[in-house]
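Taken together, the values in this text are just the output of simple stated rules run on the coordinates, not laboratory data. None of these values were measured; they are calculated from a predicted model. Heads up, the Cβs are rebuilt from the backbone with ideal geometry, glycines too, and the neighbour counts pull from every protein chain shown.
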Amino acid sequence: MEQIYRNIILDHYRHPRHFGRVTGYPLQGQAHNRLCGDELLLGISIEDGRVATMGFHGRGCAVCMAAASLACDHLPGTPSEGLTQWVRQLAAALAAADQPLPWPLDPLTPLRDYPSRHRCILLVAEALEDALTHGPLRQGQGAALEAP
């Protein structure tokens with residue numbers, strides 16, 4: 001089973017879904033892991049109380065990029081009021097030993113045994129929380145991530 005999960009992670013790292021500029025999204029959030037240099041800029045649009053589309057841009061390790069790709073590929077359609085709860089569930093699941101990470105990040109569950117990878121997984125949740133809290137990026141923010 002871990003080999004299947006490893007293959008999912010590598011596939012999303014090598015072929016990230018919804019990767020590219022996020023300037024057209026009404027909600028944008030960013031997160032940065034100063035320890036390893038991972039950076040994410042996440043864009044999200046919400047229509048009729050549900051996530052309509054998501055996209056991301058950034059640079060980081062395979063785990064960070066796979067987490068962002070999985071989230072952007074599968075969270076559209078989710079009720080918007082459930083996003084904050086999803087962020088909390090992800091953090092709680094990383095701390096627990098007896099439950100998988102919430103869908104769609106469940107393929108990353110084996111990495112719970114490696115605390116140094118937790119922040120790599122959580123970066124997409126931090127960017128999502130930033131987008132929900134602060135909305136569109138202010139002038140000058142995210143410029144390094146958006147550069148061609």
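Values for this structure:
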item: Selection count, the range 39-56, where residues are over 15 Å from His12 (Cβ atoms), in contact with a Gly (Cβ under 7 Å, 6 or more places away or on another chain) and of a type outside the set (A, V, I, L, M, F, W, C); result: 3
item: Which listed residue, of Val51, Val87, Val63, is within 21 Å of His134 (Cβ to Cβ), within 12 Å of the chain's Cα centre (by Cα) and among the hydrophobic types (A, V, I, L, M, F, W, C); result: Val87
item: Conditions (1) surrounded by 14 or more Cβ atoms within 10 Å (Cβ to Cβ); (2) under 15 Å from Gly135 (Cβ atoms): number failed by Gly24; result: (1)
item: Gly55 farther than 17 Å from Cys120 by Cβ, touching a residue at least 24 places away in the same chain (Cβ under 8 Å) and in contact with a His (Cβ under 6 Å, 6 or more places away or on another chain); result: yes
item: Enumeration of residues in the range 33-52 that are in contact (Cβ under 8 Å) with a residue 60 or more places away in the chain and not charged (D, E, K, R); result: Asn33, Leu35, Cys36, Leu40, Leu41, Leu42, Gly43, Ile44
item: Residue match in the range 4-16 (condition: in a strand (DSSP E or B) and on the phi < 0 side of the Ramachandran plot); result: no
